[in-house]
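First the structure, in the form of structure tokens, and then the observations on it.
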Amino acid sequence: MLLLITYDVNTNTEAGSTRLRKVAKQCVHYGQRVHNSVYECQVADVHYRQITAVLEDIIDHDTARLRFSPLDD
């Protein structure tokens, strides 16, 4: 599955900056950066579930946005 991951993390605080680095570090394990906060990932279903779970745990949903967009191969 070709997956597009996009995120917007508030970096006005040290905690936000830390979250941003953690999200980027995880995304690079699964795909390639195509823009500042956009990654293209070629993943199997099991990896899709892994990366979504990991990123959902890192992100603060009150101050950040995270989107997973499956694309046709």
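Quick one: putting +1 on the C-beta of Lys and Arg, -1 on the C-beta of Asp and Glu, what dipole do you get for the chain around its Cα centre, in Debye to the nearest 20? Don't skip to the answer; put the middle values down first.
Numbers: 8 positive and 10 negative charges, 50 e Å.
Computed about the Cα centre, the dipole is about 240 debye.
Helix 45-58 sits at what angle to the longest principal axis of the chain, using alpha carbons and giving 0 to 90 degrees rounded to 10?
For 45-58 against the chain, the angle is about 0 degrees.
Given a cut-off of under 8 Å on Cα pairs at least six residues apart, what relative contact order in percent is computed for the chain? Provide the component values of the computation, followed by the final result.
On the way: 102 pairs, mean separation 37.4, N = 73.
Taking the mean separation of contacting Cα pairs over the length of the chain, I get 51 percent.
Which FRET efficiency value, to the nearest 0.05, do you get for Val38 and Ser17 by plugging their Cβ-Cβ distance into 1/(1 + (r/R0)^6) with R0 = 22 Å?
0.75
Which entry is the computed volume of the Cα convex hull per residue in Å³ for this structure: (i) 84; (ii) 98; (iii) 71?
Only one option fits the structure, namely (iii).
For Asp45, tell me the accessible area in Å² from a 1.4 Å probe, rounded to the nearest 10.
About 90 Å², rounded to the nearest 10.
The values are calculated or read from the model by the stated rules, or taken from the named source; none is laboratory data. On a predicted model such as this, the values are computed, not experimentally measured, just so you know. Note: ideal-geometry Cβ built from the backbone for every residue, glycine included; neighbour counts use all protein chains shown. Note: areas computed on protein heavy atoms with side chains; ligands, DNA, RNA excluded. Shrake-Rupley method; radii C 1.70, N 1.55, O 1.52, S 1.80 Å.
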